[in-house]
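Asker: Handing you a structure now.
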Amino acid sequence: MSGVKVFAPATVSNVCCGFDILGYAIHGPGDEVVATRTDKPGIHITKITGDKGKLPRETMKNTAGLAGMRLLEHLGKTDVGINMEIRKKMPFGSGMGSSAASAVAGVVAVNHLLGNPLTKWELLPFASAGEQLASGGSIHLDNVAPSLLGGMTLNRDNDTFDVHRVYLMNGLYTTLVYPHVEVLTVEAREMLSPQTSLKQMIAQTANLGGLIIGLSKGDLALIRRSLKDVIIEPQRAGLIPGFYEVQAAAMDCGVLGCSISGSGPSIFALSDNSLIAEQAGEAMQAVFTRQGIESNVYVSLINQDGAVVC
Ligand code: HSE
């Protein structure tokens, strides 16, 4: 085989009550990596499109390049040469897991070129190494895991890559609205209080448990009661102009819940049918439009496939 093209989807992380541990993949936006063999050992980023020249071309400073190199090193294949073209097909700095998607696509492409020696699950540490580069050293798998594996994932422990697929009811739709405002993940993390009250901890863990049970049983009322974030959302809401108005607009359409996607500025909602998901997208976008803020709307079923060779 001379080359491979891999698509890795955008993701919604946190999902209200699952800060840093819960995430799901969506259809539509994502990143593509085209990898081809070359005689020159190592990974070479030959081209990046869709990034407006902002992403590093140097292999070890690029999430996809570094992730691929870590995999080559692990397999003892540093004599192998791979050219990598990265096609950004989603906004970055958007709270949609852009750096994770690049790292995932890169590592899946390298693995495929080598004849798939590792399973997708076994690729998690290498994709995570790429994502870690972009997030300033902290490891949180809530974007990498769903982009790689698909569906909704729960990372119980990052250090041991103790990651699990959450059993989901059929017909779960996601709406994602990306307003064109800047929120820096590093700043959105630094602003968080390290203190949480016992009362908040109990509410958050109860909601997380309720959400997992509700999603597995298809208990819409339980999902609706549980899709709440009493700790992180109140602290970050001010980063997104009109956040509570957008959330209210979505809830008025009948969504199951609505909150910040990752560290923002994107806002997601979950629904049990596509009409509500579409109407929510229009209503949420209208709030941004009234404020003079452009936005993109993405509506889809939860993406069960994750990264795919295409
Ligand atoms: N869970 C992370 C956060 C995702 O909310 O800070 C950001 O990549």
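Asker: With the other protein chains left in place, how much accessible area per residue, in square angstrom, belongs to region 138-208 at a 1.4 angstrom probe?
Answerer: Values: 3600 Å² over 71 residues.
Result: 51 Å² per residue.
Asker: Given a cut-off of 31 Å, name the pairs among Lys47/Lys120; Lys5/Lys61; Lys61/Lys199 whose C-alpha atoms lie farther apart than that in the structure shown. Show your work: numbers first, answer last.
Answerer: Values: Lys47/Lys120 25 Å; Lys5/Lys61 21 Å; Lys61/Lys199 42 Å.
With Cα atoms farther than 31 Å apart: Lys61/Lys199.
Asker: Per DSSP H run of at least 4 residues, take -39500 (n - 2.57); add these up for the chain, divide by its residues and hand me the 222 nm value, nearest 500 deg cm²/dmol.
Answerer: Values: 10 runs with 109 residues, N = 310.
The helix contribution divided over the chain gives -10500 deg cm²/dmol.
Asker: Show the residues, 5+ positions off or on another chain, whose built amide H is closer than 5 Å to the amide H of Val80.
Answerer: So Val80 has HN proximity to Gly42.
Asker: Now for a different question. Figure the gain on full extension for Arg37 and His164 (residue separation times 0.36 nm, minus the Cα-Cα span) and round it to one decimal in nm. The partial results should precede the final answer.
Answerer: Working: separation 127, 0.36 × 127 = 45.72 nm, distance 3.32 nm.
My answer for the length gained is 42.4 nm.
Asker: Tell me, what is the per residue accessible area of region 248-310 in Å², probe radius 1.4 Å?
Answerer: On the way: 2380 Å² over 63 residues.
The answer is 38 Å² per residue.
Asker: Next question. Got a sec to turn the phi values of region 282-298 into Karplus ³J(HN,Hα) couplings, 6.51 cos²θ - 1.76 cosθ + 1.60 with θ = phi - 60°, whole Hz, x for Gly and Pro?
Answerer: 5, 5, 5, 5, 4, 5, 5, 4, 4, 8, x, 10, 6, 8, 10, 10, 10
Asker: Could you work out the relative contact order of region 25-156, using alpha carbon pairs under 8 angstrom and six or more residues apart, expressed as a whole percent? Spell out each step's value before the answer.
Answerer: On the way: 248 pairs, mean separation 40.4, N = 132.
Reported relative contact order: 31 percent.
Asker: Let me ask something else. Can you return the aspartates and glutamates within cross-link range of Lys217? Criterion is Cα-Cα under 20 Å, with same-chain partners fewer than 8 residues away left out.
Answerer: Asp272
Asker: Right, next: Read phi for every residue in region 232-239 and hand back ³J(HN,Hα) as whole Hz from Karplus 6.51 cos²θ - 1.76 cosθ + 1.60, θ = phi - 60°, with x for Gly and Pro.
Answerer: After applying 6.51 cos²θ - 1.76 cosθ + 1.60, I find 8, 3, x, 7, 9, 3, x, 6 Hz.
Asker: Further question on the same structure: Per-residue counts of other Cβ atoms within 10 Å, averaged by peptide: what ranking do you get for 260-267, 246-253, highest first?
Answerer: Numbers: 260-267: 26.5, 246-253: 20.4.
So the peptides 260-267, 246-253, ranked by packing, come out 260-267, 246-253.
Asker: Turning to a different aspect of this structure: I need the phi-derived Karplus couplings for region 101-117: 6.51 cos²θ - 1.76 cosθ + 1.60, θ = phi - 60°, integer Hz, Gly and Pro marked x.
Answerer: Each residue's phi maps through the Karplus curve to give 4, 5, 4, 5, 4, x, 6, 5, 5, 5, 4, 5, 4, 8, x, 6, x Hz.
Asker: Ignoring ligands, DNA and RNA, what percent of the 1.4 Å accessible area of region 150-260 is carbon and sulfur? Intermediate values should be presented prior to the final figure.
Answerer: Details: 3110 of 5510 Å².
For region 150-260, the apolar C and S fraction of the accessible surface comes to 56 percent.
Asker: Using a simple spin-label model with points 7 Å from Cα along the Cα→Cβ vector, what separation in nm is obtained for Ile213 and Asp157?
Answerer: 2.5 nm
Asker: For a label point 7 angstrom out from the Cα of Leu301 toward its Cβ, which stretches of region 1-27 have the backbone nitrogen within less than 19 Å?
Answerer: 8-12, 24-27, by backbone N distance to the label point.
The values are calculated or read from the model by the stated rules, or taken from the named source; none is laboratory data. Everything quoted here is computed from the prediction, not taken from an experiment. Quick reminder, even Gly has a Cβ in these numbers, built from the backbone with ideal geometry, and neighbours come from all protein chains shown. SASA here: full protein model, heavy atoms, side chains in, ligands and nucleic acids out. Shrake-Rupley method; radii C 1.70, N 1.55, O 1.52, S 1.80 Å.
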